[in-house]
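J.: Got a structure here, written out as structure tokens. Questions coming.
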Amino acid sequence: MKSKYFILAAMLLAMPSTLMAQQNIKKAFDALLKEKITETKTQHVYDSDSETERMTALADVYDFTISNSALERLNDVRKAFDKDKKDAYSVNSGIREEGEDAEKGSFASLFESIGIAPVTLFVGDGKHSSVSIGSMKGSNYIYACFADKDDPEKKHRYAYAMEWVKKDKKTKVRLAITYALRPEARTKKSKSRIVINGRDINIDDNTISLGSGFPFDGSSVFDVDSVHEKSPESWLSEFNTYKRLFLKNPDGNTATHHATSIYKLCKNAGMLEPEEKKIVAQELAKLKHAAKDELIQNIFQMSIKKLGE
């Protein structure tokens with residue numbers, strides 16, 4: 001494990017300027033990894049652009065067990081997140097309840113059945129395996145996202161996450177660091193294969209151009225996002241993210257944004273099975289009840305209607 005720690009430390013020290021914003025978290029992670037730990041499992045991903053040699057993808061994931069005598073180190077990590085949160089554009093925490101998936105037909109049980117954790121951290125452009133946070137029953141988790149200030153295109157971010165759960169006299173821990181495109185950049189770079197009447201449509205970045213032989217002008221251009229179909233798993237994961245963000249502050253300035261994002265998802269939910277739509281509709285009813293603003297209530301009602309169309 002010692003050698004694994006030095007791999008992580010070397011990679012982090014190679015990027016000093018961009019890691020200044022999360023230096024407290026980095027130090028706390030390093031200190032925790034020096035503790036006496038058992039049952040260790042690690043995952044590592046690193047990719048870079050062949051031309052610029054700039055890093056494009058990173059994932060360092062450590063799953064291990066510590067004795068409860070080392071819990072102070074966990075507290076140090078939690079304090080470090082608080083110290084660095086001023087530099088983050090997103091900091092979130094949560095609890096995966098022991099009985100969260102006990103109720104058959106609940107949204108939590110649906111996520112459990114298809115293997116989706118409460119939080120999914122992307123790696124690179126999303127083509128790599130993502131990192132799940134919150135998958136251990138009864139666990140606490142916290143994560144923070146920081147913009148890569150050294151990225152000239154301002155498209156990438158670092159994410160730091162910790163998940164932990166106490167079991168008897170030991171505590172299971174997951175530490176994760178990922179480097180990936182920010183959500184808006186991933187959307188712009190998404191690729192799809194679209195076929196109309198047996199013929200492929202050319203897709204270039206965020207647009208679709210239709211050639212001759214179709215009932216449109218050859219210069220016609222459509223937004224990919226309006227026709228790109230997600231997988232059921234990614235749709236549900238995105239819905240759950242917006243749901244959690246809305247419920248954190250249903251009366252806040254961002255509440256309408258989260259509600260309209262959910263409405264946009266529900267207008268493009270054709271990939272969901274009837275049972276999945278039923279469960280999502282139940283969640284929407286809860287969101288409508290939690291909303292205080294009449295416009296937002298109507299948005300959730302329209303979302304329910306769109307699911308049934």
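The values are calculated or read from the model by the stated rules, or taken from the named source; none is laboratory data. These numbers come from a predicted model, not from an experiment. As a convention, Cβ positions derive from the backbone with ideal geometry for all residues, glycine included, and neighbour counts pool all protein chains shown.
J.: For the stretch 134-172, what are the residues that are within 21 Å of SER67 (Cα to Cα) and under 17 Å from the mean Cα position of the chain (by Cα)?
T.: First pass over the stretch 134-172, keeping only residues within 21 Å of SER67 (Cα to Cα): 134-142, 161-172.
Listed by number, the residues that qualify are GLY134, SER135, MET136, ASN140, TYR141, ILE142, ALA161, MET162, GLU163.
J.: Can you tell me which residues in the stretch 140-150 are touching a residue at least 60 places away in the same chain (Cβ under 8 Å) and touching a Ser or Thr at 6+ places or on another chain (Cβ under 8 Å)?
T.: Those that are touching a residue at least 60 places away in the same chain (Cβ under 8 Å) and touching a Ser or Thr at 6+ places or on another chain (Cβ under 8 Å): ILE142, ALA144, ASP148, LYS149, ASP150.
J.: Which residue out of SER303, SER226 is modelled with pLDDT under 90 and hydroxyl-bearing (Ser, Thr, Tyr)?
T.: Numbers: SER303 fails: modelled with pLDDT under 90.
On inspection, the qualifying residue turns out to be SER226.
J.: Of the residues ALA28, ALA21, ALA117, ALA102, which is at pLDDT below 90, among the hydrophobic types (A, V, I, L, M, F, W, C) and in a helix (DSSP H, G or I)?
T.: Working: ALA28 fails: at pLDDT below 90; ALA117 fails: in a helix (DSSP H, G or I); ALA102 fails: in a helix (DSSP H, G or I).
Being at pLDDT below 90, among the hydrophobic types (A, V, I, L, M, F, W, C) and in a helix (DSSP H, G or I) holds for just one of ALA28, ALA21, ALA117, ALA102, which is ALA21.
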